Structure formats: C-alpha cells, structure tokens
Amino acid sequence: MSAIKTINKIKDMQEYSDRIHEGGECMVFIPTMGFLHQGHLSLMKKGREVADVVVASIFVNPAQFGPNEDLAAYPRNIERDLELLEKEHVDIAFLPDAKEIYPNGFQTYVELNYLPNHLCGLSRPVLFRGVTTIVLKLFNIVKPHIAIFGQKDYQQLLVIKQMVCDLNYDIEVIGAPTVREKDGLAMSSRNSYLSSEERIHALSLYKSLKKAMEMVEAGVKDSSIIIKEATDIINSHPDTLIDYIEICDSETLDSMTTIDRPALMALAVKVGTTRLIDNMVLKP
Ligand code: PAF
C-alpha cells in the first residue's frame, strides 16, 4: 500500500489548494489518465523542480472518448500508479469520481474553434472538446500556478495553451519533451495494448520521423517527398494503417508544403487495433 496523500472530493481538493495559496507556496499540477510510465514520471520530476507542491490527478475522462474508442479498455492500475507517484515525491494524488466530475445534468463544454480542426481532431471529433473541458474543470478545482503537459500530445499542448490564453487563466503551461524507449518508440499507456509483433511494427512511426529529420538536414524542403517516404516506411510494416501524416506550422497546425522554417511533423497510425501518435519538430 502506498502512503501518498490522496484526495477524492472536489471540495477537499479546493480547500487544500486554498491553504497552499494562503501559505504563499507555488503549486504545479500534472493531469494524467493513469497507467503511468516513464513519460509521466518525467513530468512529475519536472514538477518537483519548478514548484513547492506537486499535485497529480488520475482520471480517465469519458468526455474525450468517442463511442467507438477505447474508454472501457483503457488500462488502469491505481495501486501501482500511487506507488510510482510516491517515489517521485508527488505531494497529492487527486482521484476524482466520474459522477462528481460529470453529475447528471452536466451540460457545459469548452471548445476551441480552430486548432482542433486539424490532425487528431479530424479523426477523433470529441477528443479536444473533452480534453479542454476536463482540463479547465481540473484547473478550477486544483487551482495550480503551473501545469505540465507532454509534447508527445503536441496538439493537446497547443490547444491547452490557447485556451489558457483566450480565457485569461493565470497559469503557466509548460511542455515537456517526449520520453522514448531505447529503440525510439514514444512512451504511451496505449503501448500496453501491443503484442510483441505489433510492438516491432509500431517502431515504424519513429523510423519515419527519424528519416524525415535526416532528409530535412540533408536539404530536402518539399513536404510531399518526406511524407511519401514516411508513408512507404510505415506501409512496409504489416498490420499498420495510416490515419494521417502531416507536416505543418508548429503554432497554427496549418499544412506546410515547403519546409522553410521549423515545422511539426505529426502522425497517427493504427498498429493492429491500437492507434498511436508521435511527432517531431523538423528544423531546416
Ligand atoms: O493527456 C492526457 O492524459 C489527457 O488528455 C489529460 C490531459 C489528462 C486530460 O484528460
């Protein structure tokens, strides 16, 4: 049994937060959906560096899953998560109940007009409305000074920064680098769905990003040539289905045909039944 302090009720979390504010301490918040891996733990470490009090939440947010997505199957292991958070010296694990977060009659959602109409937002139409709604609710409950999100979910990070700016939230949003396995696979809770065969094919995402980086460094500027190469790499692996491969502006997410400034290359690929995403910033 882990000894980390947990809070379940919204009111208790708000009162705890009020006491931290009264004491003049700086609070950092790292929201998660649990089933923690080294990527999450790197966010906790960063949190420990930048603030006095570190709060992490674990909540598998139903509002960001579409009807045919993996909400029911999403991996969960709260006991293990709490032990890992304790080892990272996280002060509070906030574990709210879905019924309290979304009570009967809940009807207010937060939606951005532009950034979600790109990349993952096109194939997962409710994703960003669900993410912004839960993140804003968590911000109102936890009341942090700083919040940390991983750059693996690059579009999510941009969407949250935009929301914080548009709605004048006094919260500093920090993006932290993607953590990879030794062979380059980006860490994700969804990697746990992969069979050992699929795990090998999942490497095609990283391989195609690395190849793109090499091509840009060698002077290739035409996005379509790079996307064609990445498509070939991924399609050469069985059991893969490309959702999208995009090279786009790293702030607006608008497509870029010529890489004449740093550009985001982002991709989503189904490996077996598991949808994986990854990205890199290509610098000419
Ligand atoms: O990145 C995630 O794990 C989730 O989208 C988040 C930010 C915790 C919101 O549910």
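Tabulated results
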{"read-out": "Mean Cα-pair separation over length for the chain, i.e. relative contact order, pairs under 8 Å, 6 or more apart, %", "value": "17 percent"}
{"read-out": "Mean-position separation - Cα centroids, region 191-226 and region 14-81, in angstrom", "value": "29 Å"}
{"read-out": "Inter-probe distance in nm under a simple model that places probes 7 Å from Cα toward Cβ, at Glu22 and Lys45", "value": "3.6 nm"}
{"read-out": "Förster radius 30 Å - calculated FRET efficiency between Glu79 and Asn104, Cβ distance, rounded to 0.05", "value": "0.50"}
{"read-out": "Region 132-259 - convex hull of alpha carbons, volume per residue in Å³", "value": "139 Å³"}
{"read-out": "Percent of beta bridges antiparallel (DSSP, the chain, rounded to nearest 5)", "value": "50 percent"}
{"read-out": "Computed magnitude of the charge dipole of the chain (debye, nearest 20; Cβ of K, R +1, Cβ of D, E -1)", "value": "280 debye"}
{"read-out": "Volume of the Cα convex hull of the chain, divided per residue and given in Å³", "value": "137 Å³"}
{"read-out": "Within a Gaussian network of the chain (alpha carbon springs, distance under 10 Å), most fluctuating of Met215, Met27, Met265", "value": "Met215"}
{"read-out": "Relative contact order of region 90-230, defined on C-alpha pairs under 8 angstrom at six or more residues apart (%)", "value": "16 percent"}
{"read-out": "For region 47-115, size of Cβ-based charge dipole, Lys and Arg +1, Asp and Glu -1, in debye", "value": "180 debye"}
{"read-out": "Sequence ranges 247-256, 34-43, ranked by mean other-Cβ count within 10 angstrom, highest first", "value": "34-43, 247-256"}
{"read-out": "Options Asn235, Met256, Leu203, ranked by Cα towards positive dipole end of region 177-263, top entry (Cβ charges)", "value": "Leu203"}
{"read-out": "Estimated distance in nm for a label pair at Glu251 and Asn8, the labels positioned 7 Å out from Cα along Cα-to-Cβ", "value": "4.6 nm"}
{"read-out": "Stretch gain in nm, segment Lys228-Asn140, where the contour uses 0.36 nm per residue and the Cα spacing is subtracted", "value": "27.3 nm"}
{"read-out": "Length-normalised contact order of region 200-253 in % [C-alpha pairs under 8 Å, at least 6 apart]", "value": "40 percent"}
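Just so you know, all these numbers are worked out from the coordinates, no wet-lab data involved. Remember, predicted model here, so these are calculated numbers, not experimental data. Because the Cβ atoms are built from the backbone with ideal geometry, glycine has one as well, and the counts that use them run over all protein chains shown.
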